[in-house]
C-alpha cells in the first residue's frame, strides 16, 4: 500500500497539470521507442535472447522550455517467465538545449515511477498463477539525447522498465492556442 501512494500522487499531479491552463499553453510530443534489457530481465536473470525487448509509447507535454511531464506505456515479453505491461508517469529535465542552432540537440534526464502488471507465462502444475500481480515500474535515465525539431530521433541510457538502452522517434506538436471569448 505504501508504494501505491506515491504512484497515485504523481498520477493525480500529472492529470491536474494536464487540465491546468498553464500546461495547455506548452507544446506536446509523442514518442515511440524500443529498448533492450529491462530491469525485469536483470531480475529474472533471463538471457538476452529470451526477451522481446520493450516497446514503448510516451506522451509528454512541456511545463516550460526545459521540463516535461507525461505518461509512458511499455510492454515486454520474457518467454521464460512472463510479460509486463507498464503504465508509468514520467518527468524529464533538459540540461542542454541548442534550440537556436541549425541542428537542434537536446540533452536531458528523466525519472519515471508507476506500475507494471505481470502476466505469468510459466503456469507450472502445483504453482499458483501469478498473473495480474502489480509491481513497481520505474525508469531512471541520467542521459538522453534528442536530435531534431518537429520530428526527432532519441536515444536514452538508464535503468528500469524501458531497458538500459532505449531509442526511437518523436513527433512534437505546436503550442495549443487558447481562444478567448470576447464578452458581448
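The values are calculated or read from the model by the stated rules, or taken from the named source; none is laboratory data. Just so you know, these numbers come straight off a predicted model, no measurement behind them. When we count neighbours, we look across all protein chains shown, and the Cβ atoms used for this are built from the backbone with ideal geometry, even at glycine.
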Check: Mind checking whether some residue in segment 68-79 is in a helix (DSSP H, G or I) and either at pLDDT below 85 or at positive phi (or both)?
Finding: no
Note to self: Out of 59, 40, I need the residue that is surrounded by 15 or more Cβ atoms within 10 Å (Cβ to Cβ) and modelled with pLDDT of 85 or more. Which one?
What the structure shows: 59
Margin query: Any residue that is modelled with pLDDT of 80 or more and closer than 24 Å to residue 64 by Cα - is there at least one of those in segment 158-167?
Written below: yes
Notebook entry, point to check: In segment 74-108, what count of residues is obtained for those that are under 14 Å from the mean Cα position of the chain (by Cα), closer than 23 Å to residue 173 by Cβ and surrounded by 15 or more Cβ atoms within 10 Å (Cβ to Cβ)?
Noted result: 8
Margin query: So residue 11 passes all but one of these: (1) under 20 Å from the mean Cα position of the chain (by Cα); (2) at pLDDT below 75; (3) within 25 Å of residue 157 (Cβ to Cβ). Which condition number does it fail?
Written below: (3)
Next item on the list: Determine if segment 129-141 includes at least one residue that is out of contact with any helix residue (DSSP H, G or I) (no Cβ under 7 Å at 6 or more places or on another chain), assigned to a strand (DSSP E or B), modelled with pLDDT of 90 or more and closer than 24 Å to residue 79 by Cβ.
Entry: yes
Notebook entry, point to check: In segment 80-99, which residues are assigned to a loop (DSSP other than H, G, I, E, B) and within 15 Å of residue 40 (Cα to Cα)?
Noted result: 80, 81
Note to self: Criterion first (outside any loop (DSSP other than H, G, I, E, B), modelled with pLDDT under 95 and under 19 Å from residue 152 (Cα atoms)) does residue 108 satisfy it?
What the structure shows: no
Note to self: Here's a check for you: in segment 80-97, which residue that is at pLDDT below 90 and touching a strand residue (DSSP E or B) at 6+ places or on another chain (Cβ under 7 Å) is farthest from residue 160 (Cα to Cα)?
What the structure shows: 82
